[in-house]
Structures are given as C-alpha cells and as structure tokens.
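Take a look at the structure below.
The values are calculated or read from the model by the stated rules, or taken from the named source; none is laboratory data. Note that the structure is predicted; figures quoted are calculated from it, not measured. Here the Cβ positions follow ideal geometry from the backbone for every residue, glycine too, while neighbour counts run over all protein chains shown.
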Amino acid sequence: MLLQPLWTFLLGHSSLLCSPFFPVIFSLSAYLCCCLPFLLLDLLSSRWALPRSYKLQPQSSVSWASVRSCLALTLYNHLMFILPLTLIHGYLRPIQLTPQAPALPHLLAQVLVCLLLFDFQSFIWHLLHHRVPWLYCTFHKVHHTNTSPSALTTEHSGAWEMLSLGFFASTTPVLLGCHPLTELAFFLLNMWLSVEDHCGYDLPWATHHLVPLGLYGGARHHDLHHLKSKYNYAPYFTHWDWLAGTLYTQQD
C-alpha cells in the first residue's frame, strides 16, 4: 500500500499523535506554515511590481499593525478556547490508532467528500450570519473588519466563528468514519484552501485555475465576498452560491 510507509512512520510517534495537546499544536503550526508563503509575497509586493501585479486589490497593502493584531487574536482564541476544549475532547474520546493505512484512492475519495460537506455546512452557516443582523453584528462582523483580506485574516474572527467552523471541520471526518491519516490529510488541505481563499492574490497556480468550468471559486471568489458581502458565501466551490442566486463574479 502506497501510504503504509508514511503511516508506519507516524505510528512511530504515536505518543505525540495521541497527546491531548497535539491538535492545538498541529492546528496552529499548520496555519502559520500555510500563511508564511503569502506573508513573504506581501513583503515582496511592497517592493516589486511583479508580485504586486497578482494582487486582487493592488492598491491595498498589509501593515505590521494588522499582522500583529491578527496573530494576537489567533493565539488568544487557541489558548483560551481551542486548547481547553481539545483537552476535554481528548479525555472523553481518546485517539485510537489502527496499524493499517488507508488505500490511497479511498483516502482521496473521503477527503473530497469531507471537503464538499464542509463547504455545504460553511455555506449555510455563512449565509445565516449575513442574513440575520444579530448574528452578523454579534459574531461575524469581526472577520469583515478587513475589506482587503490577507493570509492572516483567515482566522481573524471571534471565538464563536472559529469554534463553530472548527467543529464542522473536526466532526465531518468522524461522522464519515475516516482513518486518522485521512483526517490529517483533510485538515491540512482544508487549512491550505482556507488560507489561499484569503491570501489576496490571483496566482497562476492557484486552485481555482486548476479546477475547470468555474466549479471552484478560490481567492478571487472570496475576495469579492469581502468587497460585496451579499454574495459568494461558500468558502470553496461555486455550486451552492449559483443555486441560491448569490454567485457574483467580476464579469457580472
């Protein structure tokens, strides 16, 4: 099996994987690693025209004050909310590691299903938090502080938003009975796509250029949502916005 050597290597660090602190450390580390390439682009685009030409809002720039604010809020939410809940979850539901790795086609299929389910859950959540004024003002408005998103604004949100979307991401693989390796793969992909959505760049190799027929919105899709908040509620794919009549493109 193609994935068995990787899974055997991870099993050699089972004490780390089963630690109740691992999900928080992994989540924060993965998030910052995903943000790092785009932070470098932000630094370069302030000095050179080539990276700036890929910016979706070239007139905007990322300030160090904004970077500090986003990092501070992310760390606060992880330490004050995610860490205690993760410790409780680890106590109530200890991680069970099986010696057998999943087959690669099975892993890929389940990751895709998880992504589609998370996209639907997030679309409904997002739509409600824009259509119900109390939900928007109380919870979601923090995320819309920035009309020009950047990588670190991905998790610039209140505790309720981070916890509820994190709940969707963590429970979907469990409900589908996914292998722990599949859970890790889905989490990493979901994190990368979420950061890419907020990065503020329309790069030639971005996911929305790789998926045909406009089925995937990506950074351009979500950037328009921050500019025109009545449209583009789905985080990744475009079919739910198309069906709900909330799809908006620059060609509209």
* Can you name the number of the only condition in (1) under 18 Å from Glu183 (Cβ atoms); (2) at pLDDT 90 or above; (3) surrounded by fewer than 17 Cβ atoms within 10 Å (Cβ to Cβ); (4) not aromatic (Phe, Trp, Tyr) that Ala30 fails? -> (3)
* **segment 1-25, residues that are within 22 Å of Gln100 (Cβ to Cβ), hydrophobic (A, V, I, L, M, F, W, C) and free of Cβ contacts under 8 Å to residues at least 60 places away in the same chain** => Phe9, Leu16, Phe22
* Got at least one residue in segment 18-29 being out of contact with any Phe, Trp or Tyr (no Cβ under 9 Å at 6 or more places or on another chain) and within 14 Å of Leu152 (Cβ to Cβ)? -> yes
* Mind telling me which of the residues His106, His130 ends up being more than 30 Å from Ser60 (Cα to Cα) and in a helix (DSSP H, G or I)? => His106
* Looking at (1) in a helix (DSSP H, G or I); (2) surrounded by 17 or more Cβ atoms within 10 Å (Cβ to Cβ), which is the one condition that is false for Ala65? -> (2)
* Given (1) in a helix (DSSP H, G or I); (2) at pLDDT below 95; (3) out of contact with any helix residue (DSSP H, G or I) (no Cβ under 9 Å at 6 or more places or on another chain), index of the condition Thr8 fails -> (2)
* Asked: Val62 passes all but one of (1) without any contact (Cβ under 8 Å) to a residue 24 or more places away in the chain; (2) in contact with a Ser or Thr (Cβ under 9 Å, 6 or more places away or on another chain); which number fails?
  -> (1)
* All positions within segment 143-156 that are surrounded by fewer than 20 Cβ atoms within 10 Å (Cβ to Cβ), touching a residue at least 40 places away in the same chain (Cβ under 8 Å) and assigned to a helix (DSSP H, G or I) -> His144
* **Verdict on His208 being farther than 20 Å from Thr145 by Cβ and of a type outside the set (A, V, I, L, M)** => yes
* All positions within segment 235-247 that are buried (at least 18 other Cβ atoms within 10 Å of the Cβ) and in a loop (DSSP other than H, G, I, E, B) -> Pro235, Tyr236, Thr238, Thr246, Leu247
* To do: Hey, could you check segment 4-27 for residues that are hydroxyl-bearing (Ser, Thr, Tyr) and surrounded by 11 or more Cβ atoms within 10 Å (Cβ to Cβ) and say which is farthest from the chain's Cα centre (by Cα)?
  => Thr8
* Asked: Among the listed residues Gly177, Gly166, which satisfies the condition of being at pLDDT below 95, under 30 Å from Leu3 (Cα atoms) and either within 15 Å of the chain's Cα centre (by Cα) or buried (at least 19 other Cβ atoms within 10 Å of the Cβ) (or both)?
  -> Gly166
* Search result, residues across segment 205-234 that are surrounded by fewer than 20 Cβ atoms within 10 Å (Cβ to Cβ), more than 15 Å from Thr153 (Cβ to Cβ) and touching a residue at least 40 places away in the same chain (Cβ under 8 Å) -> Arg220, Lys230
